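Notes follow the structure.
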Amino acid sequence: MAQSSDDRLRIEAAQRDPSRFGDLYEENFYRVYAYVVRRVGDRHRAEDLTADVFREALADIGKFEWRGVPFIAWLLRIASRVIADYFRRSGRETGNPVLHSEQAFTKETERSAMLFQLVERLPEMQFRVIQMRFVEQKSIREIAGELGRSEGAVKQLQLRAIENLRAQMEGADA
């Protein structure tokens, strides 16, 4: 949960002084790029589209409203729109049907935003393990060392968190 307050401080700083947007860029670039490259399948095209995402985010940072959802969710929503626009344009240019509909991207973005909100609501230790494991990309061993827990305990916390999130997501889809 400290991550969300850090996000908020960085966002507010960037809104006051756009030159501070670089901190947000550095922190989120690889996740946005990974999201884009998985969807377009071409590294060079993904680099261009990722640049478009951050250009748009910088232009609109003043309009961003803090709602407690991680900043990355906002960036991924922009990325979804940029990708949908790319596929729509490429479909028109080549005469091929658009491979991914805008509705599919919108649904995926909504699921991602919901997941971010659910992660924020996890019990403190589950939240910390998920944050360290999947956001900070730390190993089980590193997490165990930082939390002063055994690797088995960290694995259990991760498993419980994932099961908790899965159940809540399935409940929301029903």
Subject >> Members of segment 146-165 that are closer than 25 Å to D7 by Cα and either surrounded by fewer than 15 Cβ atoms within 10 Å (Cβ to Cβ) or aromatic (F, W, Y) (or both) >> reply: E146
**OP:** Check segment 44-59 and report whether any residue there is buried (at least 18 other Cβ atoms within 10 Å of the Cβ), closer than 26 Å to V129 by Cα and in the same structural domain as L75 (by TED's automatic domain parsing).
**Re:** no
**OP:** Could you identify the single residue in R77, R31, R38 that is loosely packed, with under 12 Cβ neighbours inside 10 Å and either closer than 16 Å to S112 by Cβ or not assigned by TED's automatic domain parsing to the domain that holds R88 (or both)?
**Re:** R38
Original post:
Within the group R67, R8, which residue is basic (K, R) and in a loop (DSSP other than H, G, I, E, B)?
Top reply: R67
Subject >> Criterion: closer than 16 Å to Q168 by Cα and either at pLDDT 75 or above or surrounded by 18 or more Cβ atoms within 10 Å (Cβ to Cβ) (or both) - qualifying residue of F134, F105, F127, F87 >> reply: F127
Subject >> Matching option when the condition is in a helix (DSSP H, G or I) and of a type outside the set (S, T, Y), among Q156, Q137 >> reply: Q156
**OP:** Among the residues of segment 15-69, write down those that are at positive phi and modelled with pLDDT of 90 or more.
**Re:** none
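The values are calculated or read from the model by the stated rules, or taken from the named source; none is laboratory data. Everything numeric in this text was worked out from a predicted model, so none of it was measured. All Cβ positions, glycine included, derive from the backbone under ideal geometry; neighbour counts span all protein chains shown.
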